[in-house]
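Reviewing the structure listed below.
The values are calculated or read from the model by the stated rules, or taken from the named source; none is laboratory data. Fair warning: this is a prediction, and the values are worked out from it, not measured in the lab. Glycine gets a Cβ as well: all are built from the backbone with ideal geometry, and neighbour counts include every protein chain shown. Heads up: the accessible areas ignore ligands, DNA and RNA and are worked out on the full protein's heavy atoms, side chains in. Shrake-Rupley method; radii C 1.70, N 1.55, O 1.52, S 1.80 Å.
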Amino acid sequence: ITGSWNYTGSAVQFDSDNLLQRAGGVAAASSVEDKLDAQLSKVGIKAGATNFTFNEDGTFSSKIGKRTMNGTYTYDKSTSTVNLKYAGLIGMNAAVTGSSNSMSMLFDADKLLQLVTFLGGKVNNSTIKAITSIAESYDGMKLGMEMNK
């Protein structure tokens, strides 16, 4: 995952194909992504304003608008998970999927909320409520970020 990654939009993954079918298929996933994009943009997480740079030494930086934050990460290739640690925060695990030029980082809903609150600085209560509502809509759904190199 080393390199610089630019946020292109939200990402949604259902834990099983059966859940995806029950949720209404690809249309449901697209609808959730649209809603999540709208809420994430309220805290500055949007295309052109957000990126992550993962260095080979296990450090990373993330930029949201004019705000840059640094931390450390570990990547477990066998489970395709990354653990992000910002200063003062407990590590946050994300499932990583993708190719050499595109990557999705998918979090359990509570971890995404923790990340959004931290990265977005002061987040208004209605934004958190909206993201929580999206996350609670479907049990077994992961939410996160789609990025390109």
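What residue, among those in the range 98-110 that are surrounded by 15 or more Cβ atoms within 10 Å (Cβ to Cβ) and either of a type in the set (A, V, I, L, M) or at pLDDT 90 or above (or both), is farthest from residue 55 (Cα to Cα)?
Per the criteria, the residue is 109.
How many residues does the range 42-90 contain that are more than 22 Å from residue 146 (Cβ to Cβ), at pLDDT below 90 and of a type outside the set (A, V, I, L, M, F, W, C)?
Count: 2.
Could you please find all residues in the range 80-108 being polar (S, T, N, Q), out of contact with any Phe, Trp or Tyr (no Cβ under 7 Å at 6 or more places or on another chain) and assigned to a strand (DSSP E or B)?
81, 93, 97, 102, 104 - these are the residues of the range 80-108 that are polar (S, T, N, Q), out of contact with any Phe, Trp or Tyr (no Cβ under 7 Å at 6 or more places or on another chain) and assigned to a strand (DSSP E or B).
Any residue that is of a type in the set (Val, Ile, Thr), under 16 Å from the mean Cα position of the chain (by Cα), at pLDDT 95 or above and open to solvent by less than 60 Å² (accessible area, probe 1.4 Å) - is there at least one of those in the range 7-23?
No, because not a single residue in the range 7-23 is of a type in the set (Val, Ile, Thr), under 16 Å from the mean Cα position of the chain (by Cα), at pLDDT 95 or above and open to solvent by less than 60 Å² (accessible area, probe 1.4 Å).
Cβ contacts < 8 Å: first residue in contact (Cβ under 8 Å) with a residue 40 or more places away in the chain, restricted to the range 75-93; second residue open to solvent by less than 90 Å² (accessible area, probe 1.4 Å) and among the charged types (D, E, K, R), any location; separation 6+ or different chain. Result?
Close Cβ pairs satisfying both conditions: 82/76.
Which pairs do you get when a residue that is among the small types (Gly, Ala, Ser), found in the range 50-74, comes within reach of a residue that is surrounded by 13 or more Cβ atoms within 10 Å (Cβ to Cβ) and part of a loop (DSSP other than H, G, I, E, B), reach meaning Cβ atoms under 6 angstrom, with the pair 6+ apart or on two chains?
Qualifying pairs under 6 Å: 65/44; 65/49.
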